[in-house]
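Written out below as structure tokens is the structure these notes cover.
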Amino acid sequence: MTDSLADPHTRYPAGADPDGPGGPDGPRDIVILGSTGSIGTQAVDVVLNNPGRFRVTGLSAAGGRVGLLAGQAHRLQVRTVAVAREDKAVELRQALRAEYGAGEPVPEVLAGPDAATELAASECHTVLNGITGSIGLAPTLAALRAGRLLALANKESLIVGGPLVRELAAPGQIVPVDSEHSALFQALMGGARREVRKLLVTASGGPFRGRTRAQLAGVTPQEALAHPTWAMGPVITVNSATLVNKGLEVIEAHLLYDIPFDRIQVVVHPQSAIHSMVEFTDGSTLAQCGPPDMRLPIALALGWPRRVPDAGPVFDWTRSMSWDFHPLDEEAFPSVPLACHVGALGGTAPAVFNAANEECVDSFLAGRLPFTGIVDTVSAVVGEHTAERTATDSAAGTGLTLDDVLAAEGWARTRARELAARAVVEARA
């Protein structure tokens, strides 16, 4: 095995300095992308609770919560604020002026689809990419190219642009933020890479654990959005219900740790107490556990290689607890084997998988596609893409460019919408 992108045994130069650019005892300069989302708001909490450890120099957001973004900027005293929606720039400047008192310098405002990418390359120690969706790819590449330590919560950028990310990233330059990959990162500290036999990625099973495929056919959006453990955005929550999210995490684990797909296994663990495990060649299995709270993996990534004291809650070991484990039902939840197939194909196939799924989730939430139709439609789109690519490009997956990824995503979104619309017509016939 070669050095991996996220290797706890290999510290990227930026991460090898525990103190950062503020001086030997100064705070570490951080940029937070997607600051008004779930990951971003919790990252802000971590920073505010540790003023001597971290200093935020820049924030970015899509633009849907301008007031929150301006309030974060004022509380953190950032230099730069970026908003993806150019039409929100005036509103953002007004909100910033309302937050800041007379005589206080208002931060610089960047606006437009490339604003987060520009901010990701700005002077800092660590970039936390908490953007949702494949639009996070360009900022990921910019941060890596600029030599920043990348705290990666935006799994889509690695999945859709895996070869691009691997070409740019130095060993150890990425520290994962997803709870599962942070758990693997920590468990991997327990042995040499040549001693790793298997990665065990845990899944809560979502709200429909134990149901058959036939029982899933009538699931409503309201039911799918009721996750039993985590509070997340609608797309990620539906992805957790279909287990597409777990399939994406398997691809991400393969790319981060350079472990073949046949040595990555999903285990259903409803309590979400053990976040993932590593099985070693001697038979030992190391697990990382803790209450389901994203502040711990966020803090670990921001502070690496030093832990942040009291970053998250701990278990009360004076109380009785029981933890269950179940095999994955691949017939009811075919998204995981489909994702493994897509990941093995490589090239633009993961981008097609991810983009088609996002469109199908939108169709499901709008009532235009049944729950089981999400993965069925994604599978059909992937199949068409694979057949077309095989017929036209025998060197698929080599020389991948950002334009290739964007073109594949555009085709997949269009085709997924077409197939979803056809499914509606057929259902009404």
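The values are calculated or read from the model by the stated rules, or taken from the named source; none is laboratory data. It should be emphasised that the depicted structure is a prediction, and the values quoted were computed from it without experimental measurement. As a convention, Cβ positions derive from the backbone with ideal geometry for all residues, glycine included, and neighbour counts pool all protein chains shown.
Computed quantities for the displayed model
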| read-out | value |
| --- | --- |
| Any hit, region 272-291, residues being free of Cβ contacts under 8 Å to residues at least 40 places away in the same chain, touching a helix residue (DSSP H, G or I) at 6+ places or on another chain (Cβ under 7 Å) and of a type outside the set (S, T, N, Q) | yes |
| Answer residue from region 12-28, given it is crowded, with 17+ Cβ neighbours inside 10 Å and closer than 16 Å to VAL175 by Cα and is modelled with the lowest pLDDT among those | GLY20 |
| Residues of region 415-424 that turn out to be surrounded by 14 or more Cβ atoms within 10 Å (Cβ to Cβ), at pLDDT 90 or above and either outside any helix (DSSP H, G or I) or of a type outside the set (D, E, K, R) (or both), as a count | 3 |
| Strands (runs of 3 or more DSSP E) (entirely within region 87-200) containing at least 2 residues that are touching a helix residue (DSSP H, G or I) at 6+ places or on another chain (Cβ under 6 Å), in contact (Cβ under 8 Å) with a residue 40 or more places away in the chain and crowded, with 24+ Cβ neighbours inside 10 Å | 126-129, 149-152, 174-176 |
| Options GLU167, GLU156, GLU180: the member that is more than 17 Å from PRO13 (Cα to Cα) and touching a His at 6+ places or on another chain (Cβ under 8 Å) | GLU180 |
| Residue satisfying all of: in region 369-414; part of a loop (DSSP other than H, G, I, E, B), among the hydrophobic types (A, V, I, L, M, F, W, C) and within 30 Å of ALA142 (Cα to Cα); modelled with the highest pLDDT among these | LEU400 |
